[in-house]
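Below is one structure; the comments refer to it alone.
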Number of protein chains: 2
Amino acid sequence: MDVQILGLIAGALTAIASMPQLIKVIKTKNVEDISWLMLVILISGLSLWIWYGFEQNELPIILSNSFAVLINTTLLIFYFIFREKNDDLT
Amino acid sequence: MDVQILGLIAGALTAIASMPQLIKVIKTKNVEDISWLMLVILISGLSLWIWYGFEQNELPIILSNSFAVLINTTLLIFYFIFREKNDDLT
(Lines give C-alpha, C1' and ligand atoms only; values in the text may rest on other atoms or scores of the structure.)
Protein backbone atom coordinates (compact mmCIF):
# COMPACT_ATOMS: atom_id res chain seq x y z
CA MET A 1 0.00 0.00 0.00
CA ASP A 2 1.13 3.56 -0.67
CA VAL A 3 2.45 4.77 2.66
CA GLN A 4 0.76 8.17 2.14
CA ILE A 5 -2.66 6.48 1.87
CA LEU A 6 -1.85 4.27 4.87
CA GLY A 7 -1.13 7.40 6.92
CA LEU A 8 -4.32 9.10 5.75
CA ILE A 9 -6.46 6.05 6.71
CA ALA A 10 -4.69 5.89 10.10
CA GLY A 11 -5.34 9.60 10.59
CA ALA A 12 -9.01 9.26 9.59
CA LEU A 13 -9.57 6.45 12.13
CA THR A 14 -7.91 8.28 15.04
CA ALA A 15 -9.88 11.40 14.03
CA ILE A 16 -13.21 9.51 14.07
CA ALA A 17 -12.36 8.09 17.50
CA SER A 18 -11.86 11.60 18.90
CA MET A 19 -15.30 12.90 17.88
CA PRO A 20 -17.64 11.28 20.50
CA GLN A 21 -16.00 13.24 23.35
CA LEU A 22 -16.76 16.53 21.59
CA ILE A 23 -20.30 15.46 20.63
CA LYS A 24 -20.98 14.38 24.21
CA VAL A 25 -19.79 17.70 25.67
CA ILE A 26 -21.94 19.66 23.18
CA LYS A 27 -25.00 17.48 23.93
CA THR A 28 -24.72 17.31 27.72
CA LYS A 29 -23.05 20.71 28.28
CA ASN A 30 -21.21 18.89 31.06
CA VAL A 31 -17.43 19.34 31.27
CA GLU A 32 -17.01 17.97 34.79
CA ASP A 33 -14.96 14.98 33.59
CA ILE A 34 -12.58 17.09 31.51
CA SER A 35 -9.21 18.26 32.78
CA TRP A 36 -8.14 21.55 31.17
CA LEU A 37 -4.52 20.84 32.16
CA MET A 38 -4.57 17.55 30.23
CA LEU A 39 -6.11 19.33 27.23
CA VAL A 40 -3.31 21.91 27.32
CA ILE A 41 -0.65 19.16 27.52
CA LEU A 42 -2.39 17.28 24.68
CA ILE A 43 -2.66 20.39 22.46
CA SER A 44 1.04 21.16 23.11
CA GLY A 45 1.99 17.59 22.12
CA LEU A 46 -0.20 17.67 19.01
CA SER A 47 1.30 21.02 17.97
CA LEU A 48 4.80 19.56 18.25
CA TRP A 49 3.60 16.65 16.05
CA ILE A 50 2.50 19.20 13.41
CA TRP A 51 5.94 20.80 13.62
CA TYR A 52 7.46 17.30 13.30
CA GLY A 53 5.25 16.66 10.26
CA PHE A 54 6.51 19.82 8.57
CA GLU A 55 10.14 18.97 9.37
CA GLN A 56 9.68 15.49 7.87
CA ASN A 57 7.44 16.83 5.09
CA GLU A 58 4.72 14.27 5.85
CA LEU A 59 1.19 15.30 4.95
CA PRO A 60 -0.68 12.57 6.94
CA ILE A 61 1.07 13.67 10.16
CA ILE A 62 0.30 17.35 9.51
CA LEU A 63 -3.36 16.76 8.58
CA SER A 64 -4.29 14.35 11.37
CA ASN A 65 -2.63 16.39 14.12
CA SER A 66 -4.10 19.66 12.81
CA PHE A 67 -7.55 18.07 12.98
CA ALA A 68 -6.84 16.86 16.53
CA VAL A 69 -5.68 20.36 17.57
CA LEU A 70 -8.93 21.76 16.18
CA ILE A 71 -11.09 19.24 18.10
CA ASN A 72 -9.21 19.66 21.37
CA THR A 73 -9.05 23.46 21.19
CA THR A 74 -12.84 23.41 20.67
CA LEU A 75 -13.14 21.16 23.73
CA LEU A 76 -10.99 23.60 25.73
CA ILE A 77 -13.18 26.55 24.67
CA PHE A 78 -16.35 24.62 25.62
CA TYR A 79 -14.69 23.72 28.91
CA PHE A 80 -14.39 27.38 29.89
CA ILE A 81 -17.86 28.28 28.56
CA PHE A 82 -19.71 25.40 30.26
CA ARG A 83 -17.69 25.47 33.45
CA GLU A 84 -18.95 28.96 34.17
CA LYS A 85 -22.52 27.89 33.44
CA ASN A 86 -22.14 24.90 35.74
CA ASP A 87 -20.81 27.20 38.46
CA ASP A 88 -23.89 29.41 38.09
CA LEU A 89 -26.15 26.47 38.81
CA THR A 90 -24.47 25.38 42.02
CA MET B 1 16.22 20.92 16.99
CA ASP B 2 16.92 17.33 16.00
CA VAL B 3 13.66 16.14 14.48
CA GLN B 4 13.99 12.77 16.25
CA ILE B 5 14.06 14.52 19.65
CA LEU B 6 11.16 16.78 18.58
CA GLY B 7 9.10 13.67 17.79
CA LEU B 8 10.00 12.01 21.08
CA ILE B 9 8.96 15.12 23.08
CA ALA B 10 5.72 15.32 21.07
CA GLY B 11 5.09 11.62 21.76
CA ALA B 12 5.83 12.02 25.48
CA LEU B 13 3.32 14.89 25.79
CA THR B 14 0.51 13.08 23.97
CA ALA B 15 1.31 9.97 26.06
CA ILE B 16 1.07 11.93 29.35
CA ALA B 17 -2.27 13.39 28.24
CA SER B 18 -3.70 9.89 27.70
CA MET B 19 -2.97 8.64 31.23
CA PRO B 20 -5.72 10.36 33.33
CA GLN B 21 -8.48 8.41 31.53
CA LEU B 22 -6.84 5.11 32.47
CA ILE B 23 -6.13 6.24 36.05
CA LYS B 24 -9.73 7.39 36.44
CA VAL B 25 -11.15 4.07 35.23
CA ILE B 26 -8.87 2.11 37.58
CA LYS B 27 -9.79 4.36 40.53
CA THR B 28 -13.55 4.61 39.98
CA LYS B 29 -14.05 1.18 38.34
CA ASN B 30 -16.66 3.02 36.28
CA VAL B 31 -16.61 2.49 32.50
CA GLU B 32 -20.06 3.92 31.79
CA ASP B 33 -18.65 6.84 29.78
CA ILE B 34 -16.45 4.65 27.60
CA SER B 35 -17.50 3.43 24.17
CA TRP B 36 -15.88 0.09 23.28
CA LEU B 37 -16.59 0.76 19.58
CA MET B 38 -14.61 4.00 19.72
CA LEU B 39 -11.77 2.21 21.51
CA VAL B 40 -11.70 -0.44 18.76
CA ILE B 41 -11.64 2.27 16.05
CA LEU B 42 -8.91 4.13 17.95
CA ILE B 43 -6.77 0.99 18.44
CA SER B 44 -7.16 0.17 14.72
CA GLY B 45 -6.04 3.69 13.77
CA LEU B 46 -3.10 3.61 16.19
CA SER B 47 -2.02 0.20 14.83
CA LEU B 48 -2.02 1.62 11.29
CA TRP B 49 0.13 4.51 12.59
CA ILE B 50 2.63 1.92 13.93
CA TRP B 51 2.65 0.26 10.50
CA TYR B 52 3.14 3.72 8.94
CA GLY B 53 6.04 4.35 11.36
CA PHE B 54 7.74 1.12 10.29
CA GLU B 55 7.23 1.93 6.59
CA GLN B 56 8.76 5.39 7.09
CA ASN B 57 11.33 4.04 9.56
CA GLU B 58 10.45 6.67 12.17
CA LEU B 59 11.07 5.69 15.76
CA PRO B 60 9.00 8.51 17.43
CA ILE B 61 5.89 7.41 15.47
CA ILE B 62 6.41 3.74 16.36
CA LEU B 63 7.08 4.40 20.06
CA SER B 64 4.28 6.88 20.74
CA ASN B 65 1.62 4.85 18.94
CA SER B 66 2.76 1.60 20.55
CA PHE B 67 2.38 3.25 23.94
CA ALA B 68 -1.08 4.51 22.96
CA VAL B 69 -2.12 1.00 21.80
CA LEU B 70 -0.98 -0.36 25.18
CA ILE B 71 -3.01 2.24 27.13
CA ASN B 72 -6.14 1.84 25.03
CA THR B 73 -6.01 -1.96 24.96
CA THR B 74 -5.76 -1.86 28.77
CA LEU B 75 -8.81 0.45 28.80
CA LEU B 76 -10.69 -1.99 26.56
CA ILE B 77 -9.84 -4.92 28.88
CA PHE B 78 -10.99 -2.91 31.92
CA TYR B 79 -14.15 -1.98 30.01
CA PHE B 80 -15.15 -5.63 29.71
CA ILE B 81 -14.10 -6.49 33.30
CA PHE B 82 -15.87 -3.55 34.96
CA ARG B 83 -18.92 -3.60 32.69
CA GLU B 84 -19.79 -7.06 33.98
CA LYS B 85 -19.32 -5.90 37.56
CA ASN B 86 -21.54 -2.87 36.94
CA ASP B 87 -24.18 -5.17 35.44
CA ASP B 88 -24.12 -7.31 38.60
CA LEU B 89 -24.98 -4.29 40.69
CA THR B 90 -27.99 -3.21 38.69
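The values are calculated or read from the model by the stated rules, or taken from the named source; none is laboratory data. Here the structure is a predicted model, which is why all the values come from computation and not from measurement. So basically every Cβ, Gly included, is an ideal-geometry build from the backbone, and we count neighbours across all protein chains shown. To get the accessible areas, we keep the full protein, side chains included, count just its heavy atoms, and leave off ligands, DNA and RNA. Shrake-Rupley method; radii C 1.70, N 1.55, O 1.52, S 1.80 Å.
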- [ ] Please give the number of the condition residue B:36 fails out of (1) without any contact (Cβ under 8 Å) to a residue 12 or more places away in the chain; (2) more than 16 Å from residue A:10 (Cβ to Cβ).
- [x] (1)
Open item on the list: Under 8 Å between Cβ atoms, which residue pairs at least 6 apart in sequence (or on different chains) link something in the range A:54-76 that is closer than 17 Å to residue B:51 by Cα with a partner that is of a type in the set (Ser, Thr, Tyr)?
Closed with: A:60/B:52; A:61/A:52; A:64/A:14
- [ ] Could you list, in sequence order, all residues of the range B:15-46 that are open to solvent by 50 Å² or more (accessible area, probe 1.4 Å), more than 7 Å from chain A (Cβ to nearest Cβ) and touching a helix residue (DSSP H, G or I) at 6+ places or on another chain (Cβ under 6 Å)?
- [x] B:29, B:36
Task: residue A:45 being at pLDDT 95 or above and more than 20 Å from residue B:12 (Cα to Cα) - done: no
- [ ] Please determine, by comparing only the residues of the range B:2-14 that are buried (at least 18 other Cβ atoms within 10 Å of the Cβ) and in contact (Cβ under 8 Å) with a residue 12 or more places away in the chain, which one is farthest from the other protein chains (Cβ to nearest Cβ).
- [x] B:11
- [ ] Report the residue count in the range A:48-90 for those that are open to solvent by 50 Å² or more (accessible area, probe 1.4 Å) and at the interface with chain B (Cβ under 10 Å from one of its Cβ atoms).
- [x] 4
